1. Restricting attention to the stretch 399-433, and to residues there that are among the hydrophobic types (A, V, I, L, M, F, W, C) and farther than 16 Å from residue 370 by Cβ, which single residue is modelled with the highest pLDDT?
2. Scan the stretch 257-267 residue by residue and report those that are under 30 Å from residue 318 (Cβ atoms) and either surrounded by 16 or more Cβ atoms within 10 Å (Cβ to Cβ) or not assigned by TED's automatic domain parsing to the domain that holds residue 245 (or both).
3. Suppose we keep only residues that are at pLDDT 75 or above and under 30 Å from residue 109 (Cα atoms) within the stretch 64-91. Which one would you say is nearest to the chain's Cα centre (by Cα)?
4. Determine whether the stretch 32-40 contains at least one residue that is at pLDDT 75 or above and farther than 16 Å from residue 141 by Cβ.
5. Is there a residue in the stretch 384-392 that is of a type in the set (D, E, K, R) and either assigned by TED's automatic domain parsing to the domain that holds residue 307 or not in a loop (DSSP other than H, G, I, E, B) (or both)?
6. Which numbered condition in (1) aliphatic (A, V, I, L, M); (2) farther than 22 Å from residue 282 by Cβ; (3) part of a strand (DSSP E or B) is the only one that residue 249 fails?
7. Working carefully through the options 305, 344, find the one that is outside the structural domain of residue 253 (by TED's automatic domain parsing), at pLDDT 90 or above and under 15 Å from residue 256 (Cα atoms).
8. Quickly run through the stretch 355-378 and pick out the residues that are in contact with a helix residue (DSSP H, G or I) (Cβ under 9 Å, 6 or more places away or on another chain) and either at positive phi or surrounded by 14 or more Cβ atoms within 10 Å (Cβ to Cβ) (or both).
Amino acid sequence: MEDSSSGTTTDAARTTLADKLIASGSNAQMVQTEKLSVMSEKQLHDKLENMEKVEGESFDRVGRRLNTMLEAIRVAKSVAKPVQTALAEAVTAFNQATNARKLRQKVAERLKAVSKDAPTTVAVEDTLDAAAPVLAEIRSINSKLNDYGVKIEALTASIKGDGNEAWTEVARKRSGPKQKTGTSAGGTLTTGDSPGESTKQRARVRPAAIMIDVDNQEEFPALAQKIKSGINVGDNITSMRKTKSGGLLLEVRGDQSVVDTVRSEVARVSGDAAHVRLLLQRSLVEIRDIDSWSCKEDISGTIARDAGIPEVSVNVVSLRSTYGGSQTALVLLPMGPANGIITRGRIKISVVSCRVRLAERRRARCFNCCVYDHEAKDCKGIDRRKCCRRCGESGHFAKACEAAPTSAAEFRKKLESEALGYKETQTVVKQDA
């Protein structure tokens, strides 16, 4: 015969963190029983609402614990089969409880609709008898969900950190070849997981800058010395250097008020000897779902008030109609306010909550020949500066173009062929070099 005392000692020695958490959770749970027959109708309604609230919180809690459990199992290199089985049972029970809850809610809604049509002279005892099974079911489901929540918490804690459990050692797999990281044609970072799948690069946020243009370069040293000794703006200027064009560039840190203060102080010291202008890094933002009655002034005014910036800093580049009668706008904004609006994802224009995102980078297009993928400084093509950029005909511009879509499509096809020829020429030149 086995010694029962030694068996008890062995079980106690094997007590894990999971067992302790389950025991503490069971002791903390107290089921309150109340007599429904002595409650008034108002008290019953309050009780029902309270239990529905508790039930909803329990469902949310169990759902969060299941997600935590799944994440812990994914991170762990090896998970014991009993843990995986317990998780599967918990998920099954949660789905069953969810379905039961939905069915009960539908029945309750149906009973409520029927009670509206029924005569109002219903005995209080009948109402109490009808509510008793519903409340009993709520208490039962709530108790089961709390039990599952405690067990899931214990299993999660056991997976994450208790070293007493027996884990199966898994042989490491050989690491495969590192996936190459390259750059796509559009300039975005691509990984080797799937061809063409790109990861957006985070734009570098640069500080605001003040440019001081000097007409006479001989006066530059004296002007720089005057600015160095004449302004008092604290430690807000982080960089001071001469540009290739011969101007003086000051980088300023701080909000818009600090930048305006530095600019006014520099303009005061410089006087009429130089022209002072403000440089800001800007982002192109795309705003969708704008109603068809809003104009550019409405959009710029709304964005300026929302971002807390002057309306002159908001440039609505384009506003075009889209399918369904709405409009889409491309807006140029300072990078700081633009990032704030993009993070929220929406902005209210008029009465519509419009979607906001960072506009996709457009292909470079030459202003001289209208061909894509190069700039005018490198252009060796046909001079089309006085031609329409939509159809290629002279005598009008794109904003007043009335050419048929087929003509515009033929012109685009011609530009694409010229762009392809330009790329081939550049490739040959590089190979010869």
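1. Looking at residues that are among the hydrophobic types (A, V, I, L, M, F, W, C) and farther than 16 Å from residue 370 by Cβ, I get 404.
2. Matches in the stretch 257-267: 259, 263.
3. 64
4. Yes, there is a match, as at least one residue in the stretch 32-40 is at pLDDT 75 or above and farther than 16 Å from residue 141 by Cβ.
5. For the stretch 384-392, residues of a type in the set (D, E, K, R) and either assigned by TED's automatic domain parsing to the domain that holds residue 307 or not in a loop (DSSP other than H, G, I, E, B) (or both): absent.
6. (2)
7. That would be 305, the only listed residue that is outside the structural domain of residue 253 (by TED's automatic domain parsing), at pLDDT 90 or above and under 15 Å from residue 256 (Cα atoms).
8. 356, 358, 365, 366, 368, 369, 370, 371, 372, 373, 374 - these are the residues of the stretch 355-378 that are in contact with a helix residue (DSSP H, G or I) (Cβ under 9 Å, 6 or more places away or on another chain) and either at positive phi or surrounded by 14 or more Cβ atoms within 10 Å (Cβ to Cβ) (or both).
The values are calculated or read from the model by the stated rules, or taken from the named source; none is laboratory data. Quick caveat, the model's predicted, so the values are computed rather than measured. Ideal geometry is used to build each Cβ from the backbone, glycine not excepted, and the neighbour counts take in all protein chains shown.
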